[in-house]
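Everything below concerns the one structure shown next.
The values are calculated or read from the model by the stated rules, or taken from the named source; none is laboratory data. The model shown is predicted, which means the values in this text are computed figures rather than measured ones. FYI the Cβ positions are ideal-geometry reconstructions off the backbone, even for glycines, and counts take in every protein chain you see.
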Amino acid sequence: MSILIKELKICSASKFHQTFIVYFVVVACSLILGNCSPSCMDGKGDKSIKITWDSSRSYDVSTVSGGGHKVYYNSTSSISKTNSAIVDIPASTSGVSGTISKLHGGCTYYIRVGAYSNLNPAGSNLSAERSIKIP
């Protein structure tokens, strides 16, 4: 069963209440892969996107299994697990929503979600790619 991203919503920095730890791989993305736009992916913006999705049941994503979801994003399309920044959303934090913060207005972001657990640490196939332009 694949994950379906249900909603992408632009938030202002003052309107979201939960902040999740963002693991930026911006340096690797910009320097090694060379396919990230530094102005959009520098982690210094003041915009955020709230994402909701259908939970993955096929990979035992739960607080018991130590699983969760990872949100993969970039300012270029064709997102994969190796060419994007990642927000890790543990099942104990929020099962079906998360926030990507420190984004820039005027940029389009491409987003995919995958599930993982102790039973499947490599994770599921990623959701279909969705995009959103921040005004």
Looking at region 80-94, is at least one residue in a strand (DSSP E or B) and among the polar types (S, T, N, Q)?
no
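Can you pull out the residues in region 95-135 that are under 13 Å from the mean Cα position of the chain (by Cα) and assigned to a loop (DSSP other than H, G, I, E, B)?
Across region 95-135, the qualifying residues are Val96, Leu126, Ser127, Ala128, Glu129.
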Are there any pairs with C-beta distances below 7 angstrom linking a residue in region 46-62 that is closer than 20 Å to Glu129 by Cα and in a loop (DSSP other than H, G, I, E, B) to a residue that is of a type in the set (Val, Ile, Thr) and at pLDDT below 85, with the two at least 6 apart or on different chains, and if so which?
Asp54/Ile3; Asp54/Val96; Ser55/Val61; Ser55/Val96; Ser56/Ile3
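Condition check ((1) under 15 Å from Ile3 (Cβ atoms); (2) hydrophobic (A, V, I, L, M, F, W, C)) across all residues:
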position	(1), (2)
Ser78	no, no
Val87	yes, yes
Val96	yes, yes
His104	no, no
Ile111	yes, yes
Tyr116	yes, no
Asn120	yes, no
Asn125	yes, no
Can you report the number of residues in region 103-126 which are farther than 11 Å from Gly68 by Cβ, touching a residue at least 24 places away in the same chain (Cβ under 8 Å) and not hydroxyl-bearing (Ser, Thr, Tyr)?
11
Looking only at residues in region 93-135 that are at pLDDT below 90 and of a type in the set (Val, Ile, Thr), which one is surrounded by the fewest Cβ atoms within 10 Å (Cβ to Cβ)?
Thr93
Look at Thr82 and say whether it is surrounded by fewer than 14 Cβ atoms within 10 Å (Cβ to Cβ) and either among the hydrophobic types (A, V, I, L, M, F, W, C) or modelled with pLDDT of 75 or more (or both).
yes
Please count how many residues of region 71-89 are of a type outside the set (A, V, I, L, M, F, W, C) and in contact (Cβ under 8 Å) with a residue 60 or more places away in the chain.
1
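Test Val26 against the criterion of being in contact with a helix residue (DSSP H, G or I) (Cβ under 7 Å, 6 or more places away or on another chain), more than 19 Å from Lys133 (Cβ to Cβ) and at pLDDT below 85, and give yes or no.
So Val26 passes the test.
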Tally, over region 66-83, of residues that are within 14 Å of Arg130 (Cα to Cα) and touching a Cys at 6+ places or on another chain (Cβ under 8 Å):
3
